[in-house]
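The values are calculated or read from the model by the stated rules, or taken from the named source; none is laboratory data. Predicted model, so just to flag it, every value in this text is computed and none were measured. So basically every Cβ, Gly included, is an ideal-geometry build from the backbone, and we count neighbours across all protein chains shown. These accessible areas exclude ligands, DNA and RNA; they are computed on the full protein's heavy atoms, side chains included. Shrake-Rupley method; radii C 1.70, N 1.55, O 1.52, S 1.80 Å.
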Amino acid sequence: MMSVVHRLAAGWLVDHLSFINQCGYEICDSFAHPGGVPCNASVTSTEDCHSISTSAATPSSSDGPPYGAGDAIGTEGKRAKMRYVFREEFFDVSKPHIAAAPEEQLCQGCPEVSLTEIKANSNREEFQEGAKSNIGESPATARKKRKRKCVFNQGELDALEYHSKVRKLIWEGTSHLVQEGLKSGFLHHTTAKLSCRKNNVPQRIVCGLAELCEMGKQFPAVNESDHQAVCVLEEETSSAEQDLLSCVTENSSDCAKIIVLMGQKYLVPPKSSFLLSDISCLQPLLNYKKKYDVIVMDPPWENKSVKRSNRYSHLSSWQIKQIPVPALAAPNCLVVTWVTNRQKHLRFVKDELYPHWSVKTVAEWHWVKITTAGEFVLPLDSLHKKPYEVLVLGRVQGDVKDALRKSEGLPVPEHQLIVSIPCSLHSHKPPLAAVLAEFIKPDVECLELFARNLQPGWTSWGNEVLKFQHIDYFTLLQNEN
């Protein structure tokens, strides 16, 4: 796929933005009327916000440049199309979030650094940050804060030890992939200023998906025998939110669909399906009766920043263990879990969660975040925030017959890097479809748990599963057949 820019022994350089725009966000309209007004304009009633509709709705002014009567998308007697692309300014990461000292920068850095040196760098960084934040405080308070910052707790010591083990692999692999990206022109030292309207695009679009899932628990219980397991998005359909929350919604067509939910528009890519619910309402996914060959999950791990903010709720280890992965997994299923840099969570996945699901850990990969110029977005040896995240890959263990299936597809390498320019929207992870393709059979069933966006060919579940499908994250282009 085009989203893989370079493939080397160390891993992949991936173009996340390109992947999104290859998903096929084209709305195939009915035959267009003169003047460019689609036949099947929105079927949602303006008085009733508690409805969901699918249509090739005429875009609002916030969806892109306004089109007048002379800008008809299509002409009478022709099949008209509207194409949406993800706003590129969300990937305009041209400078590191925190600048590294010259000796720590990727182009000049040293692949091997001792644990003692990493600790010293971290202390220096913490002291400098502490000095900045202490401006205006009393000398006694500032001294107290700086003193604490120079003492490592056990969690920090564990993280430093882990970092010292993986640092060389990350530094060298990223360096090779960045060099290739600079050679090919995908990465570039000088970034031209984007002409897009960056200030007009909100970083957080409040769409109330999690709240809707919570509200859905108040709906009457659905009788499984009477209820359909799948809701297929047709050309013009309208149904209550209760239906959306109680079955898997499927777009089986070759075109994208627009759904309107509580007054907000979301794009659903072709050949995709999703369930919008929280962890207490997973039954519709089981009723869907599919077994998945790939299951990717990005749990909301508990951490200090999550506790402090109400942005999204976290799940305890016990709750994560209750996810019915064994009931959803096909034999020899590849399970991939995103893990934060806290060693406590990494140990939990490898030593407790995977064994509980009869999953054997086979690999540990890293997603490395870089700028458009190929620099780490954060200093590699930063103590609290790293420019990488961990993925733990495992295989569901079965009987002898299942073991024979292991020859299908290449064995998963123990360590690989996925290097990409990260999306500036919080927790919008890079897609794994292209990088996993060489290790799985073609046309397999894939599932993403705790998803915040949709992908063609995948089933996605989460209480914010449509979050990054919101139409305001996209721009409308004109496209005629």
- Message: Exactly one of these conditions fails for GLU214: (1) open to solvent by 50 Å² or more (accessible area, probe 1.4 Å); (2) modelled with pLDDT under 85; (3) under 30 Å from LEU476 (Cα atoms); (4) within 26 Å of the chain's Cα centre (by Cα). Give me its number.
- Response: (3)
- When segment 442-451 is examined, which residues are found to be touching a strand residue (DSSP E or B) at 6+ places or on another chain (Cβ under 8 Å) and more than 15 Å from PHE19 (Cβ to Cβ)? VAL444, GLU445, LEU447, LEU449, PHE450
- Message: Would you confirm, using the coordinates I've provided, whether PRO299 is modelled with pLDDT of 90 or more, surrounded by 18 or more Cβ atoms within 10 Å (Cβ to Cβ) and assigned to a loop (DSSP other than H, G, I, E, B)?
- Response: yes
- Message: It is to be established whether one or more residues within segment 191-208 are open to solvent by less than 90 Å² (accessible area, probe 1.4 Å), modelled with pLDDT of 55 or more and among the small types (Gly, Ala, Ser).
- Response: yes
- Message: Which residue is most open to solvent (accessible area, probe 1.4 Å), if the candidates are limited to segment 270-287 and must be more than 19 Å from the chain's Cα centre (by Cα) and at pLDDT 90 or above?
- Response: GLN283
